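So the structure is just underneath, and the comments pick up after that.
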Amino acid sequence: KGQILACYEQQLRVDRDLAGKVEVLWTVGPDGFVSGVVIESNTTGSKELEECVARRIKRWRFPEQEEEFEITYPFSFFSS
């Protein structure tokens, strides 16, 4: 999650009021590598944030499995 937080902090420098949720669905292949990322919703209005989140998730590695599987996760972003 630190990588995703870094994306948010980077965009927060551009827009101090940036807040909202980016919901992401990603597919993990049997080899543990992320084979696809889809942004399902983005209430932040920041295309740059969603692209950064997608790029970071594409680099993640999971334990090998017998079958491909999908994960959907809502990342919420709010400045303090």
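The values are calculated or read from the model by the stated rules, or taken from the named source; none is laboratory data. All values derive from a computational prediction rather than experimental measurement. Glycine also receives a Cβ, built like all others from the backbone with ideal geometry; neighbour counts cover every protein chain displayed. Heads up: the accessible areas ignore ligands, DNA and RNA and are worked out on the full protein's heavy atoms, side chains in. Shrake-Rupley method; radii C 1.70, N 1.55, O 1.52, S 1.80 Å.
Residues of region 51-80 being in a loop (DSSP other than H, G, I, E, B), of a type in the set (Asp, Glu) and touching a residue at least 40 places away in the same chain (Cβ under 8 Å), which ones?
Selection gives 68 alone.
I need the full set of residues from region 18-46 which are part of a strand (DSSP E or B) and over 15 Å from residue 74 (Cβ atoms), in order please.
27, 28, 33, 34, 35, 36
For region 10-50, what are the residues that are aliphatic (A, V, I, L, M) and over 30 Å from residue 64 (Cβ atoms)?
Result: 12, 14, 18, 19, 49.
Identify the residue in region 9-50 that is acidic (Asp, Glu) and within 12 Å of the chain's Cα centre (by Cα) and, among all such residues, is least open to solvent (accessible area, probe 1.4 Å). Write out each step before concluding.
Within region 9-50, the subset acidic (Asp, Glu) is 9, 15, 17, 23, 31, 40, 48, 50.
So of that shortlist, the ones also within 12 Å of the chain's Cα centre (by Cα) come out as 23, 40, 48, 50.
On the way: 23: 50, 40: 99, 48: 101, 50: 29 Å².
Ranking the candidates gives 50 first.
Pairs, please: C-beta under 6 Å, at least 6 apart or cross-chain, first residue more than 18 Å from residue 45 (Cα to Cα) and in region 5-34, second basic (Lys, Arg)?
32/61; 34/58
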